1. Here are some conditions: (1) modelled with pLDDT of 85 or more; (2) open to solvent by less than 30 Å² (accessible area, probe 1.4 Å). Ser58 meets all but one. Which one does it not meet?
2. Limited to segment 94-107, what total is found for residues that are touching a residue at least 12 places away in the same chain (Cβ under 8 Å) and over 20 Å from the mean Cα position of the chain (by Cα)?
3. Go over the candidates Lys373, Lys408, Lys327 one by one and state the one that is at pLDDT 75 or above, of a type outside the set (S, T, N, Q) and in a helix (DSSP H, G or I).
4. Just wondering, is there one or more residues in segment 133-145 that are touching a residue at least 12 places away in the same chain (Cβ under 8 Å), closer than 20 Å to Leu21 by Cα and open to solvent by 50 Å² or more (accessible area, probe 1.4 Å)?
5. Give segment 160-182 a look and list any residue that's in a loop (DSSP other than H, G, I, E, B) and within 14 Å of Lys399 (Cβ to Cβ), or say none.
6. Which one is farthest from Leu111 (Cα to Cα), of the residues in segment 163-204 that are under 15 Å from the mean Cα position of the chain (by Cα) and β-branched (Val, Ile, Thr)?
7. Can you name the residue in segment 304-321 that is farther than 16 Å from Lys92 by Cα and aliphatic (A, V, I, L, M) and is also modelled with the lowest pLDDT among such residues?
8. Report yes if some residue within segment 90-112 is at pLDDT below 80 and within 30 Å of Val34 (Cα to Cα); otherwise report no.
Amino acid sequence: MNPIAKKILITLGFLLVYRILAYVPVPGVNISVVKDFFTSHSGDALGMLNMFSGNAVSRLSIISLGIMPYITASIIMELLAATFPNLGKLKKEEMEKYMQVIRYTTVAITLVQAIGVSVGLQSMTGKHGESAIMIDSNTFILISAFSMLAGTMTLMWIGEQITQKGVGNGISLIIFAGIVSRIPTAIAGTFESVNTGELNVIVLLAIIAIMIATIGAIIYVELGERRVPVSYQRKVLMQNSKKRIMNYIPIKVNLSGVIPPIFASAVLMFPTTVLQAATNPILVAIKDFLNPNGLFFNFLMFLFVIFFAYFYASITFNSKDISENLKKQGGFIPGIRPGKHTAEFLNEVASRLTFWGAIYLGIIAVVPWLLVKSMGVPFYFGGTAVLIVVQVAIDTMRKIQAQMMMQKYDTLSATGL
């Protein structure tokens, strides 16, 4: 079998397992009560969490918490690594130990969230007063906490396996699959609303136009890059005459990719998830402030996306390493001295691009949501969801194309052509 086809099948197989797990409920739960509850919360933070999990939350499956605890743990560790030199050194020199710390942090966060959700379910009742829990409350908390922990750790393992053995980034593809799985239901609900007169045809056409424009803008910016020209010494060119030497350094407009909106969503959803069972007026007020239907939430989303765009870009783009590698290869940027001056120049270019990239991410994450919500859309749609879907699709296609190109070169080398 073709190696690329094998990797694609492995990826699809793991994603299928993920979707099957979304239908495995936590023991002792009255699913009908939970579904009714989430039907009335489709537009708030719980609705957003349900979207990222592919409706797993509304079924209260063992993967209800999704991959968000792992993302939250990664955020915490990245911030700590940037703050504490010893942890930063551990990340660079002993990546396996660093990843192990992230896994342990994920376990702690998952348990906190799982216990919070389990306690919150105790006060949940159905339309006819039936309880959402069908067994002893203490027993349920214990069972559900460990069930959700097992589900989240399984998802983390699936994500790592996809990254290593499949195509694309496993964590991003899991979130991608969760969002895409809701598209058929959303389309069916939209047409039903049009048929019943709840949604005007003109409004529907406007929604479609906004979605197409959003997708087009994302594709345009994601494919945009600044190509910094590079020259090489004549000796280097002669020594590598049979090899392809990159004559430019590509710097993307959006250096941070899909990570900022995911990180921002994870950070904003974490306190809301924990505070679902809160009865204290102050805690309830905080929970209401973080409702995605409100202006405050969208303002925070915009700021958080910009912050994480700069933060993650500073991690992924290391101008010092690029300048050192360029110097070792005998290359230089015309008009710029090798070494420190090259690093400063690249850093300046990256900073300017990141500014516009961060603004673009913030707008995409907020404006489409505000426009569509004002039109009374019957399902949750936001720029963050579209951004994740389009970016992950582009990134996965690029990686497949890169692997196809590598396979082509390997075949030509083996045949001596």
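1. (1)
2. Kept after step one, since they are touching a residue at least 12 places away in the same chain (Cβ under 8 Å), are these residues of segment 94-107: 98, 101-103, 105-107.
If we keep only those that are over 20 Å from the mean Cα position of the chain (by Cα) too, we end up with 98, 101.
Qualifying residue count for the region: 2.
3. Numbers: Lys373 fails: at pLDDT 75 or above; Lys408 fails: at pLDDT 75 or above.
That would be Lys327, the only listed residue that is at pLDDT 75 or above, of a type outside the set (S, T, N, Q) and in a helix (DSSP H, G or I).
4. Yes, segment 133-145 contains at least one residue that is touching a residue at least 12 places away in the same chain (Cβ under 8 Å), closer than 20 Å to Leu21 by Cα and open to solvent by 50 Å² or more (accessible area, probe 1.4 Å).
5. Keep residues of segment 160-182 that are in a loop (DSSP other than H, G, I, E, B), which gives 166-169, 181-182.
Matches in segment 160-182: Gly166, Val167, Gly168, Asn169.
6. If we filter segment 163-204 for residues that are under 15 Å from the mean Cα position of the chain (by Cα), which is where we start, we get 163, 168-180.
Within this subset, residues satisfying the condition of being β-branched (Val, Ile, Thr) are 163, 171, 174-175, 179-180.
Values: Thr163: 25, Ile171: 20, Ile174: 21, Ile175: 21, Ile179: 24, Val180: 27 Å.
This residue is Val180.
7. Ala313
8. No, because not a single residue in segment 90-112 is at pLDDT below 80 and within 30 Å of Val34 (Cα to Cα).
The values are calculated or read from the model by the stated rules, or taken from the named source; none is laboratory data. Note that the structure is a prediction, hence the values are computed from the model and not measured. For neighbour counting, all protein chains shown are included, and Cβ atoms are generated from backbone atoms with ideal geometry for every residue, glycine included. Side chains are part of the model used for accessible areas, which takes the heavy atoms of the whole protein and leaves out ligands, DNA and RNA. Shrake-Rupley method; radii C 1.70, N 1.55, O 1.52, S 1.80 Å.
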